């Protein structure tokens, strides 16, 4: 979003010399930085407490509060802001004191412009590394067995062509497809083929964040902004600065957060929870969902203006059952990937491959990957045979697909007849039918069931652990509630 340089910093310059403030107000924007100036230490503290600055350049001798006094309050009130102290009376003692309190650098007046520019460049590099580190931590949280975009079917060829066309742009993209079709892989491909490839890629599962924490997770918060906010925290939008933010399951966002996301997309500005001043970030946004946002708009569950804003381009990922010609190539790729780590590469019997091609794959490529992984373990050093496949694939002929929330078909698994149902069976069936009623949305389902969202997630997780539900069931997002 926007054309500002990726190294742009938000700078507060505080000095009681008016001509220096005016000089900074004119020259720093020419380097690509945003700047706000003031001439009083007390005013500087107020701005630092309510705003979001990357750098504070503070004169040591100012009315109200000295630069050194402000630096001493950094950890409590503005810990994410780097401080550079200016002084017209340099001494070894003042330099040592500045470093002791955590100043990034210490410059004497009149400082050379090249020196100040070099300091700002070092701060920009440091912040870039910090963001890259936070982005890597976020990606590691989402790390799971995946495959690259494999398949020569017309549908997949069209997807790859569309990725090549729109990746170099900064337009928003909406990726549509059932659970397990590879929506995050498409988002990563868009990022890797974009001009932002060397910047952070930050994936966010909107459906896995507790409702009351979504805004804080996305936009960050200040210490004390709400109960439990014990430290200052950067939001994931800010972590993605310069790179790509991937909002998976965007249809799970509530209306309040949808408004804030729309405001960010239109202005490029965000505001941390508990702060008054917004600040700009340079982020490309890619969204994904397995739900029909158009139907949600009609039902009043998703903002129409946000829908139009996030789908400049739509990429539709077909379910695996609609591109079965890709299954042999996918199986070969999965065997090569998994088999390489074991130092072997077994073959697949024609009978086993035939069974896989006739199966309906409700969990799509993710389910196929799990089946291949299981078969490799059971096959040992021999070929993969039908007996190495799960019973429901061996015994099932062509069956109707278990749909997802965006095609109107039931995601409920076949269950026992009513007369033989246990209490656990009844609870499972009731929970899944309520989820189906709400299109897979967890918050309203939990409300109707009379349980907390955390309890609902825990029950779904336990069903998977007990073998009552497959992990690829379209309505199951398996995670441990926090």
If you scan segment 397-450, which residues turn out to be surrounded by fewer than 15 Cβ atoms within 10 Å (Cβ to Cβ), modelled with pLDDT of 80 or more and assigned to a loop (DSSP other than H, G, I, E, B)?
450
Looking at segment 315-333, is at least one residue assigned to a loop (DSSP other than H, G, I, E, B) and closer than 19 Å to residue 206 by Cβ?
yes
Residue check, residue 266 outside the structural domain of residue 164 (by TED's automatic domain parsing) and either without any contact (Cβ under 8 Å) to a residue 24 or more places away in the chain or outside any strand (DSSP E or B) (or both):
no
The lone exception for residue 227 - which of (1) out of contact with any helix residue (DSSP H, G or I) (no Cβ under 8 Å at 6 or more places or on another chain); (2) closer than 30 Å to residue 370 by Cβ it fails
(2)
State whether one or more residues within segment 16-29 are closer than 30 Å to residue 171 by Cβ and either out of contact with any strand residue (DSSP E or B) (no Cβ under 6 Å at 6 or more places or on another chain) or modelled with pLDDT of 85 or more (or both).
yes
Within segment 148-155, is there a residue that is exposed (fewer than 14 other Cβ atoms within 10 Å of the Cβ) and either modelled with pLDDT of 75 or more or more than 30 Å from residue 218 (Cβ to Cβ) (or both)?
yes
Report, by residue number, each residue of segment 14-61 that is more than 29 Å from residue 224 (Cα to Cα), outside any helix (DSSP H, G or I) and more than 36 Å from the chain's Cα centre (by Cα).
15, 16, 17, 61
Can you say whether residue 175 is under 15 Å from the mean Cα position of the chain (by Cα) and over 29 Å from residue 10 (Cβ atoms), as far as the supplied structure shows?
yes
From the residues in segment 186-202 that are surrounded by fewer than 21 Cβ atoms within 10 Å (Cβ to Cβ) and at pLDDT below 90, which one is farthest from residue 248 (Cα to Cα)?
198
Restricting segment 376-396 to residues that are part of a helix (DSSP H, G or I) and in contact (Cβ under 8 Å) with a residue 24 or more places away in the chain, the residue that is nearest to residue 331 (Cα to Cα)
376
Per the list (1) surrounded by 14 or more Cβ atoms within 10 Å (Cβ to Cβ); (2) free of Cβ contacts under 8 Å to residues at least 12 places away in the same chain; (3) over 30 Å from residue 250 (Cα atoms), residue check on residue 354 breaks on (1)
Checking residue 226 against (1) touching a strand residue (DSSP E or B) at 6+ places or on another chain (Cβ under 8 Å); (2) free of Cβ contacts under 8 Å to residues at least 40 places away in the same chain; (3) in a loop (DSSP other than H, G, I, E, B): exactly one of these is not met. Which one?
(2)
Can you give me the number of residues within segment 179-202 that are out of contact with any helix residue (DSSP H, G or I) (no Cβ under 6 Å at 6 or more places or on another chain), touching a residue at least 24 places away in the same chain (Cβ under 8 Å) and part of a loop (DSSP other than H, G, I, E, B)?
6
Counted residues, segment 42-60 - those being touching a residue at least 40 places away in the same chain (Cβ under 8 Å) and over 25 Å from residue 281 (Cβ atoms):
1
Among the residues in segment 325-335, are any farther than 16 Å from residue 252 by Cα and free of Cβ contacts under 8 Å to residues at least 40 places away in the same chain?
yes
Considering only segment 206-220, I want to know if a residue exists there that is at positive phi, at pLDDT below 90 and under 22 Å from the mean Cα position of the chain (by Cα).
yes
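The values are calculated or read from the model by the stated rules, or taken from the named source; none is laboratory data. Everything numeric in this text was worked out from a predicted model, so none of it was measured. As a convention, Cβ positions derive from the backbone with ideal geometry for all residues, glycine included, and neighbour counts pool all protein chains shown.
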